[in-house]
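> Before I ask anything, let me first share the structure, which is written out below as structure tokens.
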Amino acid sequence: MSIGNRKQPVPHCTRRLMLILAFAAMFFFQGCEQTPLLQRLQAKGLLHIATVSGPLSCYLGEKGAAGLEYKLANRFARSQGMKAVFTVYPTRNAAIHAVKTGREDMAAGFILPSTKHKAVTYQSNPWLETNPQLAHTMGRKALDPTAAGDTEIIVSANGYLSELLERKKLPGSPLPGLSEELILAGTNAGTYGHTLSTTAQLLAHTNQLPNLVPGVSLAESTTVHWLFNRSFDDSLRNAANRFLAAQKHAGKLQQLRERYIDKLPKRNYVTRRDFWQHVKQRLPAYIDLFRQAEKDTGIDWRLLAAIGYQESHWNPRAASPTGVRGLMMLTKATAKQQRINNRLDPRQSILGGARHLLWMEKRIPERIRGDDLLWFTLASYNIGYGHLEDARILTQRDNADPDSWEAVKLRLPLLGHKKYSATLKHGRARGREPVSYVENIRYYYRLLTYWDNAKNGRNCTSGTRQRRLALKN
């Protein structure tokens, strides 16, 4: 064997130096190994979430921030020991870009990820399924996707829906800088004739946009996801998947879907159309009076306006066969009690109605608070406190909760039956009326809050001062 091919022994000092360098390298790389993203965020205690403004993402409701994604993402943050911090972006693409660049930790804005989005982010497991669906302005003919011709279908640019139009070879016009929600509002207003949205979004917008007409549903389904920064490890995404699985197993996802999509209060087209016409044509004459009544009594002016709409459709000269009159439909006795000398004067009527509401509220037992207090007070305003108490007695007889509006409203209609009214102090009453009365006011109050916040550019991060019905709230 040639001596040139023989391995030369490594000197002892060299071997020792090589071992030292190897151990040093091992410790160096171990020191550079980052703590998982989830743990780092938990240490800070904050989870920054990018979203958009809308009923299925995040909006400002009667009592503050609300929305399907807002509720769900808040629960997730709390489950991980963090506080959710939301930032509203003008479009979903902007929200996703903020996650991609590390400005936000996740995006939760009812997002249907496009192929482009999937390439640059981690996605959670799907947590809601819906269908793409065409929609159009009232008065236009529904679009047949098999014979669309050159009809312009407006969608938000660079998203799943614009991608779907291209894939289906439909005549799309993607608009950059506009969210799906703004395009739906534009379609309702007639600015755009046709759009492509989803069944879930159209159901969520039904009451707010009465001239938006659902069209043909495309024969495929799509899913909603949360998105995460792909530059980091997937510990946050994995935690989200565990949370979503637990929420689904507990029935919580279905409850949110029912609350924000499937079981929203519904009214027919004429009711919705007339309400929005009256908001435009009648409300401006009285809005300052409602706001002044809020200053005088502390009651949210939008709640007072909702009561006024239910009572008279904001007609200051309204009258009924039973003798109630004016915008807030006050009886003579109520007007006298509240020192109102002219029930047909809108200013006096609104202030008198607000004062009477406070007086009715004081009669409700002290232990009843929150929404139950509000609904009981409104029912008393309509049917009288005595009849409300009779319904609460019937509720107690059934071993149900007499302090719960949901329980009492089931017994109120029984006041119209002699079998029950004969056993009660205040006798027979039209018990179905206060149930409809309260539900209608809740409906109008929700819509007026939406309108007022949209008009003033408020979103779920704007914040609002806590309004009350009266001192107990």
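The values are calculated or read from the model by the stated rules, or taken from the named source; none is laboratory data. Note that the coordinates shown come from a computational prediction; the quantities given were computed from them, not determined experimentally. Because the Cβ atoms are built from the backbone with ideal geometry, glycine has one as well, and the counts that use them run over all protein chains shown. Note: accessible area is taken over every heavy atom of the protein model, side chains too, but ligands, DNA and RNA are not part of it. Shrake-Rupley method; radii C 1.70, N 1.55, O 1.52, S 1.80 Å.
> Whose amide H sits under 5 Å from the amide H of Val216, counting only residues 5 or more places off or on another chain, with H placed in the peptide plane?
For Val216, the qualifying residues are Leu134, Leu143.
> Applying the Karplus parametrisation 6.51 cos²θ - 1.76 cosθ + 1.60 with θ = phi - 60° to the phi angles of segment 140-152, what ³J(HN,Hα) value in whole Hz is obtained for each residue in order, glycine and proline being reported as x?
Karplus values, whole Hz, x for Gly and Pro: 8, 7, 4, 8, 8, x, 7, 9, 6, x, 10, 4, 7.
> Classify segment 186-315 as rounded, prolate or oblate from the Cα gyration tensor: take a ≥ b ≥ c as the square roots of its eigenvalues, call it rounded if a/c is under 1.5, otherwise prolate when a/b beats b/c and oblate if not.
prolate
> Turning to a different aspect of this structure: Heavy-atom accessible area per residue, the chain, 1.4 Å probe: how many Å²?
50 Å²
> Can you list the lysines whose alpha carbon sits under 25 Å from that of Lys419, skipping same-chain ones fewer than 8 residues off?
Of all the lysines, those that pass the test against Lys419 - Cα under 25 Å, at least 8 places apart if same chain - are Lys409.
> Could you go through segment 71-76 in sequence order and give the Karplus-derived ³J(HN,Hα) for each residue, using 6.51 cos²θ - 1.76 cosθ + 1.60 with θ = phi - 60°, rounded to whole Hz, and x for Gly and Pro?
5, 5, 5, 4, 4, 4
> If the cut-off is a Cα-Cα distance under 16 Å, which aspartates and glutamates reach Lys252, setting aside same-chain residues fewer than 8 apart in sequence?
Glu69, Glu129, Asp262
> Here are several values of P(r) over Cα pairs in 20 Å bins from 0, in percent: (i) 25, 59, 16, 0; (ii) 19, 47, 25, 8, 0; (iii) 20, 42, 26, 7, 3, 1, 0. Which one was derived from the coordinates shown?
(iii)
> Now for a separate question. Do any trypsin sites (Lys or Arg not before Pro) in segment 135-179 lie in a DSSP loop with no more than 12 other beta carbon atoms within 10 Å, and if so, which?
Lys141, Lys169
> If you count, for each residue, the other Cβ atoms within 10 Å and average over each peptide, how do 384-393, 143-152 line up from highest to lowest?
The peptides rank, most packed first, as 384-393, 143-152.
> Using a Förster distance of 35 angstrom, determine the FRET efficiency expected from the C-beta separation of His417 and Arg167, and round it to 0.05.
Details: r = 59 Å, r/R0 = 1.70.
Once rounded, the FRET efficiency stands at 0.05.
> Continuing with this model, one more query. Which links in Lys116/Lys141; Lys118/Lys168; Lys295/Lys362; Lys71/Lys266 stretch past 25 Å when you go from one Cα to the other?
Lys116/Lys141
> Something else now. Shape verdict for segment 280-344, please, from the Cα gyration tensor: rounded (a/c under 1.5), prolate (a/b greater than b/c) or oblate.
Oblate is the answer for segment 280-344, as a/c is 1.5 or above yet b/c matches or exceeds a/b.
> Between His249 and Asp274, how many nm apart are label points set 7 Å from Cα along the C-beta direction?
So the two model labels end up 5.0 nm from each other.
> Using modelled backbone amide H atoms (1.01 Å from N, in-plane), which distant-in-sequence or interchain residues come within less than 5 Å of Leu330's amide H?
Arg325
> Given H placed 1.01 Å from N in the peptide plane, which residues other than close sequence neighbours of Val85 have an amide H under 5 Å from its amide H?
Under 5 Å from the amide H of Val85 lie the amide H atoms of Leu47, His48, Ile49, each far enough along the sequence or on another chain.
> At a Cα cut-off below 15 Å, give the aspartates and glutamates reachable from Lys418, other chains included and same-chain residues fewer than 8 away excluded.
Asp390
> Now for a separate question. Once phi is turned into ³J(HN,Hα) by the Karplus curve 6.51 cos²θ - 1.76 cosθ + 1.60 with θ = phi - 60°, what whole-Hz value does each residue of segment 93-105 show in order, with x for glycine and proline?
Each residue's phi maps through the Karplus curve to give 4, 5, 5, 5, 4, 5, 6, 4, 8, x, 6, 10, 7 Hz.
> Got a number for carbon plus sulfur as a percent of the chain's accessible area, 1.4 Å probe?
The computed percentage sits at 51.
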